[in-house]
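Visitor: Okay, handing you the structure first.
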Amino acid sequence: MSVRDHLSMMDDVQILDSFIEADSSEVTRILQKNQDVTVHFKNLNGGEAAGNLLSTREKMAKAMNVGVCDISELLDKAIAHPEPTLFTENPEFRYRCTEDVNLLSLPIPKYFPEDGGRYITAGVIIAEWEGKRNISFHRMMVMDKNHLAVRLVPRHLFTMHKLAKKAGKELDISICVGVCPCALLAAATSLDFGVDELEVASAIRKSALGQPMLVGRTDNGLLVPANADYVFEAKLTFETTAEGPFVDITGTYDQVRQEPVIRVEKMWTCKDPIFHLLLPGGYEHYLLMGMPREPVMLKTVRQAVPRTHAVRLTEGGCCWLHGVVSITKNKEGDGINAIMAAFTGHPSLKHVVIVDEDIDIFDDRQVEWAIATRFQADRMLRIEGAAGSSLDASSSGTTWKVGIDATIPLGREKEFQKGVLD
Ligand code: MN
């Protein structure tokens, strides 16, 4: 599914024909106004772009052809059972090719005034090293016509880059923009090193839409989603440069760091490509980052508390720092055990609330009601000096973590339940 295909199956797309300058932050103003609305920019710096494509759980569910509550289960299955991809000689992205790449001419915006530059935010990087493939999201700052500064947090691509450097080689990568939701979600997962996220994407696609992920080959030998709107063939070089500042998931400016430089060597595009814009710190950003963590947390908490029903990383906590878990307790103390397991399942988690199964965890007011009526501070777990998210502006190297057990004390259900009408 190209971005255009995706837009054509939505019924609430706002179309903007007017010219928008890449450096003006106008894109951010428009996308922030109402994040429930998908926007198709017809002329962003001369090109087409789209934002808020997957900014609600409902949009995500619709694109994947499932119910909102079923996404977690679907992801869980796909992560456990990756599926082979399907190769095609004629992928959509191989429509047009240029080696005279000019990133400055593309519809890539600067999102916030103090950002270090214009940023690719929905870019998925594909790399291979010694037979292992990795797909991951990275923010990439445009430096000039054909160079990008890439933020590499110490995960799999970081490791591949390090191994390649040790072997004296620049790492071949392909950067894809405008890939389908299945590939986006797979790219956002954190699996074991060597697990092929492309096959996870294929499994998501197979259980969602009944078809495997179609892939094509770039000239550097890498397999990439066939339906990507833009594919850049590039090298992850030995050079580093100042990357940032950049407003990231928490909505605050992330600091400037020395990060690797990417040299872009070739650009492929599909017919009439549309650049996918991921609004930094917006709901789409939250959901893509957070939703793939939910099934992992669910599994971990279930090991501690067998009757764990659902896990949600809440939008108010950027779908990253705050979680809610609903359980049915077998014994007193299960709430506290669930807290510990939730922190294990998602190391960036900072605050978590455990509730009983009668609370709808997708409704913030119900969760707060549970805290208000079922919780006293003696059932709070405080952990000092843990590793947390580098994106949390309030953390000072390490993080305090707090878990709230807002479940009803066993045996006292009658006193705590809501009055209901017959
Ligand atoms: Mn990986």
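The values are calculated or read from the model by the stated rules, or taken from the named source; none is laboratory data. None of the values given here were measured: they were computed from a predicted structure. All Cβ positions, even for glycine, are placed from backbone atoms using ideal geometry, and neighbour counts span all protein chains on display.
Visitor: Among the residues of segment 155-169 satisfying the criterion of being free of Cβ contacts under 8 Å to residues at least 12 places away in the same chain and within 16 Å of the ligand (Cβ to nearest atom), which is surrounded by the fewest Cβ atoms within 10 Å (Cβ to Cβ)?
Guide: Among those that are free of Cβ contacts under 8 Å to residues at least 12 places away in the same chain and within 16 Å of the ligand (Cβ to nearest atom), it is K162.
Visitor: Ok, one more. Looking at D115, D100, D172, D144, which is the one that is away from the ligand (no atom under 15 Å from the Cβ), of a type outside the set (A, V, I, L, M) and part of a strand (DSSP E or B)?
Guide: It is D172.
Visitor: When only residues in segment 179-216 that are among the polar types (S, T, N, Q) and either in contact with a strand residue (DSSP E or B) (Cβ under 9 Å, 6 or more places away or on another chain) or within 15 Å of the ligand (Cβ to nearest atom) (or both) count, which is modelled with the lowest pLDDT? Break it down into steps so the answer makes sense when it comes.
Guide: Taking segment 179-216 as the starting set, the residues that turn out to be among the polar types (S, T, N, Q) are 189-190, 202, 207, 211.
Filter again for either in contact with a strand residue (DSSP E or B) (Cβ under 9 Å, 6 or more places away or on another chain) or within 15 Å of the ligand (Cβ to nearest atom) (or both), leaving 189-190, 202, 211.
Values: T189: 89, S190: 82, S202: 97, Q211: 94.
That would be S190.
Visitor: Condition first: in a loop (DSSP other than H, G, I, E, B), within 22 Å of L236 (Cβ to Cβ) and among the aliphatic types (A, V, I, L, M). Now tell me which residues in segment 175-217 satisfy that.
Guide: Result: V179, L191, V195.
Visitor: If you take the residues in segment 406-420 that are in a loop (DSSP other than H, G, I, E, B) and of a type in the set (K, R), which one is farthest from the chain's Cα centre (by Cα)?
Guide: Step by step, filter segment 406-420, then rank; the result is R412.
Visitor: Would you call L152 over 19 Å from A226 (Cβ atoms), modelled with pLDDT of 95 or more, within 16 Å of the ligand (Cβ to nearest atom) and crowded, with 18+ Cβ neighbours inside 10 Å?
Guide: Against the criterion (over 19 Å from A226 (Cβ atoms), modelled with pLDDT of 95 or more, within 16 Å of the ligand (Cβ to nearest atom) and crowded, with 18+ Cβ neighbours inside 10 Å), L152 qualifies.
Visitor: Do we find that F19 is loosely packed, with under 13 Cβ neighbours inside 10 Å, at pLDDT 95 or above and over 27 Å from I361 (Cα atoms) in this structure?
Guide: Criteria met by F19.
Visitor: State whether the residues of segment 167-176 include one that is basic (K, R) and modelled with pLDDT of 95 or more.
Guide: Let us first name the residues in segment 167-176 that are basic (K, R), namely 169.
Right, trim to modelled with pLDDT of 95 or more and you get 169.
Checked against the condition, which is being basic (K, R) and modelled with pLDDT of 95 or more, segment 167-176 yields at least one hit.
Visitor: Kindly indicate which of T28, T38, T56 is within 21 Å of the chain's Cα centre (by Cα), of a type in the set (S, T, N, Q) and farther than 25 Å from I204 by Cα.
Guide: Residue meeting the stated conditions: T28.
Visitor: Another question, if that's okay. K110: assigned to a helix (DSSP H, G or I), within 22 Å of L287 (Cα to Cα) and touching a residue at least 40 places away in the same chain (Cβ under 8 Å), yes or no? Full working, then the answer.
Guide: Numbers: assigned to a helix (DSSP H, G or I): no; within 22 Å of L287 (Cα to Cα): yes; touching a residue at least 40 places away in the same chain (Cβ under 8 Å): yes.
When the stated conditions are applied, K110 does not pass them.
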